[in-house]
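Data first, discussion second: the structure below is written as structure tokens.
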Amino acid sequence: MPSDVPAVADPEIAAAVFADHLTRVQTGEQARSNGWAFTRLDPLHVVVTVSGKRQSGERDEYRVKLGAEYYDVYPPTTSFVCPPRPATGNQPAREGWTEAPPGSRWLPAVAPLEWFAIHPAYSFPGGVANARDGVPRQLVCCSMTFEYYISSHQPNAGQRWQQGRHTLGATLTRIQDALTSEQYQGPAGAVDP
Amino acid sequence: MGVEVDGIEVLAEDEAVTAEPVGPDHGRRRVVTVANKDSAETIRLRVPVTEAIESVIEAMHAEFRIERSADDRLTCRGDGEDVYQYGARTLAQYLDEGHCPNLHWVFVGGTGGA
């Protein structure tokens, strides 16, 4: 059966390109002015701390996990994640960086923009890699994320990710713009699993 | 030292800029900063005020190693005004008319979503 799922990138090449782009973004003026903080998990993954600003001026921190599984033929895999934490009185420990569920404090609520939306529980087509078959998962819906290309979207030529032109910086700037737009509403909820 | 192309000099990221006197004639050269949202890189171009905005745009494309696409936008960071429409103006004319006094532009390509 033919698959619409792109082939994964050679991990060594993807890691090298990802590292190069990551260094350029991390040391740039836009990372400084936006206050992005980078936590490298392994050669193919990084978590970036970004902040949203509500119309009231209140700020909220989020963690965005970017992956280079298909990089840079395709944009990075992208999801908002919950940060690890130790166990406390009434909360269990959280190990690793787990995808922020619907209603999570770690998932931003953004009213749909023409160029960006966050779907807390999106039903990806069956058989699509990077999506749990039959189980809705998060979709950061923007042509600068990998998941956009496996979810039946049809960007025009000028909107499509272009290898050599775009870097993971494009993913971060789009997210940052959404989180500082008038459409940003704050965390999706109070769930902190 | 930066790299100079057709009178427009690309400044290195850490290169200090010597302020030139800015009077009614805007000095001889001004620094244009362009933030590229497609790569999250930012460049600075030292531009003679007699250069056309179109030349600055060409230098920007060359530095970012991209070709112009119909969905691209180049705007002033302060007020969001489109820069492309002033391509035929010189930098001095652009400033004389009161556009984008801090010369900080934002470049971004098209984005699909929702």
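General remarks:
Okay, residues lined up against (1) closer than 30 Å to B:Gly80 by Cα; (2) more than 8 Å from chain B (Cβ to nearest Cβ); (3) among the hydroxyl-bearing types (Ser, Thr, Tyr); (4) buried (at least 21 other Cβ atoms within 10 Å of the Cβ):
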site: A:Thr78; (1), (2), (3), (4): yes, yes, yes, yes
site: A:Ala100; (1), (2), (3), (4): no, yes, no, yes
site: A:Tyr122; (1), (2), (3), (4): no, yes, yes, no
site: A:Arg137; (1), (2), (3), (4): no, yes, no, no
site: A:Gln183; (1), (2), (3), (4): yes, yes, no, no
site: A:Gly189; (1), (2), (3), (4): no, yes, no, no
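- Residues of the range A:148-181 classified as farther than 18 Å from A:Gly35 by Cα, in contact with a Cys (Cβ under 8 Å, 6 or more places away or on another chain) and buried (at least 24 other Cβ atoms within 10 Å of the Cβ), total: 1
- Residue satisfying condition, being out of contact with any strand residue (DSSP E or B) (no Cβ under 9 Å at 6 or more places or on another chain) and in contact (Cβ under 8 Å) with a residue 24 or more places away in the chain, within set A:Ile118, A:Ile150: A:Ile150
- Within the range A:4-33, no residue that is assigned to a loop (DSSP other than H, G, I, E, B) sits with its Cβ atom under 7 Å from a residue that is modelled with pLDDT under 95 and exposed (fewer than 15 other Cβ atoms within 10 Å of the Cβ) at 6+ positions apart or across chains.
- Of the strands (runs of 3 or more DSSP E) lying entirely inside the range B:4-114, those containing at least 1 residues that are within 14 Å of another protein chain (Cβ to nearest Cβ) and either surrounded by fewer than 14 Cβ atoms within 10 Å (Cβ to Cβ) or at pLDDT 95 or above (or both) are B:29-36, B:41-48, B:73-76, B:104-108.
- Options A:Thr173, A:Thr167; residue that is in contact with a helix residue (DSSP H, G or I) (Cβ under 6 Å, 6 or more places away or on another chain) and within 14 Å of chain B (Cβ to nearest Cβ): A:Thr167
The values are calculated or read from the model by the stated rules, or taken from the named source; none is laboratory data. Since the structure is predicted, the reported quantities are computational estimates derived from the model, not experimental observations. When we count neighbours, we look across all protein chains shown, and the Cβ atoms used for this are built from the backbone with ideal geometry, even at glycine.
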